[in-house]
Structures are given as C-alpha cells and as structure tokens.
Amino acid sequence: MTRIPSKTEILDWIAENPTKAAKRDIAKAFGIKGAARIDLKRLLRELEDEGKLAKRKSSYRDANALPPVAVLQITGTDGDGDLFARPLEWAGEGEAPRILMQMKDGEPALGDGDRVLGRLTEVAGEDHAYRARLIRRIGTNPLRILGVFRAGSEGGRILPVDKGSQKEWTVAADATDGAKDGELVEAEQAGPKGRMGLPKARVVARLGDPSQPRAVSLIAIHQHDIPDHFPDEVIAEADRAKPAGLQGREDLRHLPLVTIDPSDARDHDDACCVIPRADGGFALWVAIADVAHYVTPGSALDREARKRGNSTYFPDRVVPMLPDRLSGDLCSLHEGVPRACIAVEMQVDEFGVKTSQRFVRGLMTSPASLNYEEVQAAMDGDVNEKVAPLLDDVIRPLYACYEALTRARAKRQPLELDLPERNIVLNDEGEVVDVAFKERLDAHRLIEEFMVLANVAAAETLVAKKSPLLFRVHEEPTREKMDALRETAEAAGLVLAKGQVLQTAHLNRLLAQAENTDHAELINIATLRSMTQAYYNPENFGHFGLALKAYAHFTSPIRRYSDLIVHRALISAHGWGDDGLTPEIEERLPAIAEAISDTERRSMLAERDTTDRYLAAYLSDHVGTVLSGRISGIAKFGVFVKLDETGADGMIPIRNLGAEYFRYDADEQTLTGSDSGLVIGLGVPVTVKLVEAAPVTGGLIVDLVEIDGEAPPRGKGPKGKGRGGSPRRKAAKGRKKTAKTARKVKRTRS
C-alpha cells in the first residue's frame with residue numbers, strides 16, 4: 001500500500017524544492033501512484049483551505065507570497081533615497097512585505113501615499129522582499145489638456161486642438177517643461193481657476209510636431225469627442241472598491257481557468273478550461289470578470305461607463321471604459337489572485353454540439369496568464385517552462401474541445417471572411433517601425449469559438465428566463481447589396497446563386513471560389529461591404545453573419561457596456577443579488593442600445609483615422625517608392641488603391657490618370673477612358689508610385705505606373721497632342737486587345 005506523506009512532510013519538501021512544486025513533482029518525490037494521487041490531491045486541497053499553500057501555475061507557493069501584479073501604496077524614501085511601497089491588500093501573517101520601487105527615467109514622481117499598479121519580482125537576501133516596476137499610477141486625477149503650446153515672454157499659452165473649443169490655458173515660465181513654440185503638448189490643470197484671467201496649466205508631456213505619429217491618437221480622441229478623463233467622483237468610487245470574497249459565490253478556485261491573451265494585453269477579462277468527459281464530450285468552462293459587482297446601477301462608475309459605451313484601442317494607448325483600479329486590477333483575472341467572476345459551464349458532445357449550460361456567480365483563481373503565441377508554440381512542440389506544467393492537463397483539452405466545436409461550426413456555416421488585420425508596431429518614441437498583418441493562430445480561433453459559444457449560452461438562458469437583455473443584432477443584407485455583390489462576382493467569373501433564401505453558406509461558397517485567385521481580396525472586401533452593420537437592440541433579430549438565432553455580448557464587460565447589461569440580466573434572472581437590472585435600466589434599454597451602438601461606431605472611426613495617420617507617417621519616408629496594390633474604390637474624382645504590403649489606402653487623382661477624359665459610371669463603379677477605351681474597375685492589380693504622404697490627414701497620393709501588368713494608355717492631350725498612347729492601340733488588333741482587357745478588368749459596385 002502506498003504511504004501518503006504527512007502535511008508537514010509535504011510543506012518541508014516544497015520549501016526545499018520551490019521550483020519543482022507541481023502536483024506531479026510532489027507525487028513523484030513521495031512515490032505516489034494510481035489511486036493514491038486522490039489522497040494527495042485531498043491533502044493539498046486541505047493545505048490550501050488552511051491557508052498554508054496557494055496554487056499558482058499548477059504549482060504551490062507560500063500563501064504569504066504576493067501575486068505578480070498588485071496595487072501598492074508608496075510609503076516614502078529611505079536614507080539612501082530609495083523609494084519603497086507596501087501592498088494595499090495583505091492577508092498574510094505579520095506585517096506586509098517591504099517593496100522597493102525600481103523607477104525609470106521619465107516616469108512620474110511618486111510621493112508618500114500615492115497608489116500605483118506594480119509588477120512584482122520576489123528577491124532574497126535583501127532588506128526588502130520584492131522589487132516592483134511601475135505599470136501605472138492610480139488614484140490621482142488632475143484634469144488633462146491637449147493643445148499646441150505658444151511661447152510667450154513669461155511662459156506661454158496652450159491653444160486647443162479641438163476646433164470646437166475656444167478655451168485657452170496659461171502656462172507659467174517654470175511649468176513649460178521646456179516646450180517649444182508650436183509643439184503639441186499634454187498638460188494638467190495647475191490649481192483652481194482664479195476669478196480673473198485664463199486658467200493655469202502645467203505641461204507634463206511634450207509630444208513634438210502635431211503631425212508626428214506620437215500625437216495622432218490624441219488628436220483622434222479629441223476630434224471624435226471620446227471621453228478620456230475620468231471625473232473625480234468616478235476615480236474615488238473605483239479606489240474605494242475592495243476585492244470580492246467567497247460569500248454568496250460558488251468556489252471555482254479548483255478549476256484550471258487560464259487566461260489566453262495577446263502578449264501585450266493590459267487586462268484579462270476572460271478565462272477558460274475544459275474537463276474531458278468519459279463519453280468523449282467536454283465540460284467547457286468560460287469565466288468572465290464580475291464587473292457588475294463593482295459597477296452598480298446608478299453609481300458614478302455606471303454613469304461614466306454608459307457614457308463611454310466601450311473602450312477605444314489605439315496602437316499606442318487605450319481609452320478605457322473603466323478606471324485602472326478596476327480594468328487593470330480588481331476586474332482583471334491575474335494569475336494567482338482570487339477574482340470574482342460570472343462563469344458558464346457548457347456541456348459539449350463529441351460532435352461539438354452544446355447540449356446544456358449552467359451559469360454561476362463564483363470566485364476563481366487563474367493558475368496562469370498565457371499569451372496566444374506561447375500556447376500555440378507549445379501545441380506545435382516548442383514548450384516553454386511556463387506552459388510545460390499545463391500542457392497535458394489544461395492546454396490539450398482546450399484544443400480537443402475546439403476541434404469538436406469546429407465540426408459543429410462547419411455545419412452551421414458562419415460567414416468565413418478572410419480579411420487580415422494590420423499590426424502597427426511602434427518604438428518607444430511612438431514612431432511606426434513596422435506594419436505587418438497579424439498572424440492568425442489556432443489559439444486565436446480557439447478563444448474566439450469559446451467566447452461565441454458563451455455569448456450564445458447567455459442569450460439562450462436569458463430568453464428562456466424571459467429576461468430583458470441587449471442582443472447583438474446583425475441583419476441580413478438588402479437585396480440591392482446582394483445584387484451588387486452578384487454582379488461583382490460575375491465580372492470576376494464567379495457565381496453567387498440567385499432566387500433562393502440567402503444563407504451564409506451561399507456566401508461562403510462564393511468566397512471559396514475566390515480563394516487563392518487574383519480576385520480573393522476583392523470578393524472578401526465586396527462581401528464585407530454588402531453586409532449590414534451589427535448593432536445592439538433589446539429586440540432579437542438574429543445574427544446573420546454568425547448564423548445564430550440569438551446572440552448577446554457577455555464576455556467583455558471590462559470594455560463593453562452591453563456585456564455589463566447582460567451580466568446584470570443574468571444576476572437578476574438567477575436571483576444572485578440586488579446589483580442586477582433595475583426597472584429604470586429595463587425601461588431605458590432601447591435608448592441605451594442606440595447610445596452604445598453610436599459610441600461603438602465613434603470608436604471605430606477614431607481607430608481607423610488613427611491607423612490611416614500612422615500609415616501615412618510610416619510611408620512619408622518612402623515617397624518615390626514603387627508599390628503594388630489593387631483598386632479598392634472608384635470615384636468621380638479618382639481611384640483608390642489598397643497597397644499590398646501595408647494595407648494602406650492611396651488615391652490616384654483623376655488628373656494623374658492621363659490627359660484623356662474618363663467617364664465615371666456610378667452603378668458599375670468604373671472609369672472609362674474616352675481615347676483608349678480602358679475600363680478601370682474594382683479589384684484590378686496595379687503598380688503605383690507614392691508621390692505624397694500627409695500624416696496630419698492620413699492621406700496618400702499615388703501615381704499609376706501599371707494596370708493589370710501593362711503601362712496605362714495616356715490618350716490625347718487637350719489640344720490633340722499625344723500623351724504616350726501606343727499607335728498599336730489604335731489599330732483594330734489593338735482595339736480588340738483593349739476591349740478584351742476592358743472586359744477582364746471591369747468590376748461592379750459592392
């Protein structure tokens with residue numbers, strides 16, 4: 001019979017072997033095999049419950065250890081000038097550990113009592129237990145100002161960037177931070193406004209030339225009226241929030257709910273795990289941060305979140321829906337830290353069909369915060385130290401469940417658009433150093449599929465309980481748009497069936513025909529343009545693109561107010577507390593749906609404008625370069641070209657196409673040369689030369705070098721003089737060839 005070690009023996013072994021503290025390591029050390037592992041698991045659980053062990057990354061650590069990310073309070077400097085802090089939350093024995101702050105040049109000055117979010121590293125043999133790197137400062141909330149600095153004899157003034165604002169600020173000589181005349185600056189209010197004169201400001205960041213990349217996201221924020229300043233009462237309310245406990249919640253801390261996010265993610269609002277079943281099916285758990293616990297109806301946080309509607313993401317910054325104390329801390333599912341959540345357990349059969357679901361309000365602890373790349377690399381055979389302990393018991397079951405779900409997805413046939421996402425890489429100065437298309441990994445698709453299933457489960461549950469909610473609605477395309485898409489397909493030699501009830505499967509067949517052909521991008525873009533825009537509504541009109549009858553957003557309440565509404569609906573429907581939907585919110589759901597649909601579109605426009613400006617700034621050093629692309633738009637005043645390498649959109653003004661007259665056909669979306677007979681339409685491959693890049697507007701001007709592999713005919717000048725047209729094009733054979741080319745490149749409107 002296998003001998004089971006005592007609790008003291010286990011604790012002593014872990015203390016001597018801190019790097020080999022996974023359950024399998026403990027079992028191996030004590031020779032525990034087979035059914036005896038169950039007794040070991042029970043002992044480890046008891047040690048956890050007694051507070052003597054804490055599980056982290058599938059290994060055990062001292063319960064008195066701090067998590068890798070924590071809120072800290074600055075305690076001041078010592079005699080050597082070193083800055084120290086203490087954890088704001090400490091549940092261990094004795095005094096809280098001492099933490100040395102490792103500050104970098106350019107980071108804000110911190111004083112006694114300031115609160116910060118820090119990334120911790122444990123140290124040994126020092127007079128402090130941890131070192132911390134600053135993630136961000138929290139708890140302070142001076143009014144921020146963006147504008148152009150104008151130097152004066154005694155300091156200067158700040159002129160607003162927003163043309164709708166007439167408010168100026170005065171800056172004292174000792175508060176300019178060395179700003180030069182004409183620079184874009186960020187400033188903060190410097191004391192209360194007096195009875196007379198302009199309000200005072202202090203420059204806190206010099207952003208340089210307003211046309212430079214570092215400034216463009218700030219300009220977009222102001223141009224699109226995106227709120228980027230939290231009122232004092234909102235910050236104060238967030239700072240008063242305390243971590244939720246186990247009372248009234250289901251204990252999910254035994255579940256290996258890992259987060260898988262981008263490597264640069266600032267928050268972790270969703271986690272998942274899969275428990276394989278004996279019958280070949282799966283128990284899929286998806287846990288989402290319980291934002292509703294902290295953002296209660298009618299609170300200052302709630303009013304501000306509703307006003308913002310969603311977070312807005314730029315290459316260099318995020319304008320969050322919630323303050324950092326929540327979005328980066330209490331509502332972020334950091335590894336090794338107990339966090340409140342609303343979770344759904346979904347039973348999935350071996351064919352990927354969801355057979356049931358159960359929602360709970362729980363308390364979870366994530367064993368690991370992982371990124372997409374390391375998870376995918378592990379599945380491909382390149383396993384790092386962080387993923388290794390999780391690979392067999394956590395990661396492989398996730399992929400097995402995903403494979404089953406892909407079979408069900410194939411039967412459902414959601415719209416399968418292939419439109420790569422651009423990734424703009426910035427250096428520390430905010431300059432674009434690279435533009436590439438993001439790689440799509442199975443790890444990305446896995447998380448997306450799990451989140452879609454959880455969203456479906458939320459909608460189905462609330463519909464069954466007859467609860468009000470906000471649906472994510474995507475209506476089917478109009479007949480006119482489908483006719484236009486059909487004509488585009490036919491011009492490319494492809495087929496989109498007519499005379500039947502439209503389904504996403506029909507569109508997928510069209511996309512499959514275009515795959516790996518010269519028309520692939522054209523058909524994908526044309527299909528996307530034929531779609532209606534998704535929106536929020538308390539009435540259910542289905543989701544055409546996902547081929548779902550009922551769909552709601554449940555998985556991102558940190559960054560979307562719609563998801564917070566769904567969480568509150570689940571709370572009310574299950575009787576979990578008094579922080580669910582209120583009669584006032586239920587009555588205002590139509591207005592809320594319209595408002596947050598508008599804020600979503602506002603963010604999309606701001607993000608798109610910023611991307612255009614960054615691309616223009618990046619390409620401004622490439623003026624004169626010859627680039628390849630495809631025609632993506634036709635207008636009376638010119639032709640738009642999507643460049644292959646960056647995905648940027650350039651324009652060829654119609655005057656640059658040649659001296660001949662080009663007739664514009666709005667219905668066909670073509671330009672036809674009066675002399676050459678050349679028809680320019682959507683999707684045609686072109687070679688162009690970049691002649692102008694304007695970072696301030698995001699505009700790119702290009703000249704046409706080749707169209708469909710041939711030099712463009714220039715036609716005749718206004719006085720009948722030739723402009724480079726070939727005599728052969730005027731011969732019968734030439735006209736026949738041109739006509740053939742015209743038919744080949746002709747495209748219709750999408």
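So in the range 566-613, with the set limited to residues that are in a loop (DSSP other than H, G, I, E, B) and charged (D, E, K, R), which one is farthest from the chain's Cα centre (by Cα)? Only one residue fits best here, namely Asp578.
Among the residues of the range 639-656, write down those that are within 20 Å of Glu421 (Cβ to Cβ), open to solvent by 40 Å² or more (accessible area, probe 1.4 Å) and touching a Phe, Trp or Tyr at 6+ places or on another chain (Cβ under 9 Å). Within the range 639-656, just Asp649 meets the criteria. Tell me, yes or no, whether the range 198-213 has at least one residue that is at pLDDT below 90, assigned to a helix (DSSP H, G or I) and buried (at least 20 other Cβ atoms within 10 Å of the Cβ). Among the residues of the range 198-213, at least one is at pLDDT below 90, assigned to a helix (DSSP H, G or I) and buried (at least 20 other Cβ atoms within 10 Å of the Cβ), which makes the answer yes.
Of all residues in the range 624-644, none that is at positive phi and hydrophobic (A, V, I, L, M, F, W, C) has its Cβ atom under 6 Å from the Cβ atom of a residue that is open to solvent by less than 10 Å² (accessible area, probe 1.4 Å) and modelled with pLDDT under 90, 6 or more apart or on another chain. Could you run through the range 614-638 and say how many residues are under 27 Å from the mean Cα position of the chain (by Cα), open to solvent by 10 Å² or more (accessible area, probe 1.4 Å) and closer than 30 Å to Asp665 by Cα? Result for the range 614-638: 1.
Being in a helix (DSSP H, G or I), touching a Gly at 6+ places or on another chain (Cβ under 8 Å) and of a type in the set (Asp, Glu) narrows it down to one of Glu487, Glu460, Glu521, so name that one. From the options Glu487, Glu460, Glu521, the qualifying one is Glu521. Reported count of residues in the range 657-673, each being closer than 17 Å to Gly683 by Cβ, open to solvent by 10 Å² or more (accessible area, probe 1.4 Å) and outside any loop (DSSP other than H, G, I, E, B), is 2.
Take the residues in the range 281-304 that are of a type in the set (Val, Ile, Thr) and open to solvent by less than 10 Å² (accessible area, probe 1.4 Å), then tell me which one is nearest to Gly328 (Cα to Cα). Write out each step before concluding.
Narrowing the range 281-304 to residues of a type in the set (Val, Ile, Thr): 286, 288, 291, 295-296.
If we keep only those that are open to solvent by less than 10 Å² (accessible area, probe 1.4 Å) as well, we get 286, 288, 291, 295.
On the way: Val286: 20, Ile288: 14, Val291: 12, Val295: 14 Å.
Across the range 281-304, the extreme among qualifying residues is Val291.
The set of residues in the range 531-590 that are surrounded by 18 or more Cβ atoms within 10 Å (Cβ to Cβ), within 30 Å of Ala505 (Cβ to Cβ) and among the β-branched types (Val, Ile, Thr) comprises Thr555, Val566.
Filtered by the rule that a residue be of a type outside the set (A, V, I, L, M) and more than 15 Å from Ala129 (Cβ to Cβ), the range 90-113 gives Lys104, Asp105, Gly106, Glu107, Pro108, Gly111, Asp112, Gly113. Residues that are over 18 Å from the mean Cα position of the chain (by Cα), open to solvent by 30 Å² or more (accessible area, probe 1.4 Å) and either among the hydrophobic types (A, V, I, L, M, F, W, C) or closer than 11 Å to Ser369 by Cβ (or both) within the range 256-280 comprise Ile275, Ala278, listed in sequence order. In the range 439-454, the residues that are more than 24 Å from Phe359 (Cα to Cα) and open to solvent by less than 20 Å² (accessible area, probe 1.4 Å) form Cβ pairs under 8 Å with partners that are assigned to a helix (DSSP H, G or I) and at pLDDT 95 or above, at six or more places apart or across chains, as follows: Ala443/Tyr372; Ala443/Glu373; Ala443/Val375; Ala443/Gln376; Ala443/Met379.
Residue by residue, here is whether (1) at pLDDT below 95; (2) open to solvent by less than 30 Å² (accessible area, probe 1.4 Å) holds:
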| residue | (1), (2) |
| --- | --- |
| Ile342 | no, yes |
| Gln347 | no, no |
| Gly362 | no, yes |
| Ser366 | no, yes |
| Met379 | no, no |
| Leu390 | no, yes |
| Ala404 | no, yes |
| Lys411 | yes, no |
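Within the range 325-366, the only residue that satisfies the criterion of being within 18 Å of Asp251 (Cα to Cα) and free of Cβ contacts under 8 Å to residues at least 60 places away in the same chain is Arg358. Kindly evaluate Phe662 against the criterion of being in contact with an Asp or Glu (Cβ under 9 Å, 6 or more places away or on another chain) and modelled with pLDDT of 90 or more. For Phe662, the condition - in contact with an Asp or Glu (Cβ under 9 Å, 6 or more places away or on another chain) and modelled with pLDDT of 90 or more - is not met.
Of the residues Arg472, Arg445, only one is out of contact with any Asp or Glu (no Cβ under 8 Å at 6 or more places or on another chain), at pLDDT 95 or above and assigned to a strand (DSSP E or B); which?
Numbers: Arg445 fails: assigned to a strand (DSSP E or B).
Of Arg472, Arg445, the one residue that is out of contact with any Asp or Glu (no Cβ under 8 Å at 6 or more places or on another chain), at pLDDT 95 or above and assigned to a strand (DSSP E or B) is Arg472.
The values are calculated or read from the model by the stated rules, or taken from the named source; none is laboratory data. Because the structure is a prediction, the values reported are computed rather than measured. Here the Cβ is made from the backbone with ideal geometry for all residues, glycine too, and neighbour counts use every protein chain on show. Please note that ligands, DNA and RNA were not included when accessible areas were found on the heavy atoms of the full protein model with its side chains. Shrake-Rupley method; radii C 1.70, N 1.55, O 1.52, S 1.80 Å.
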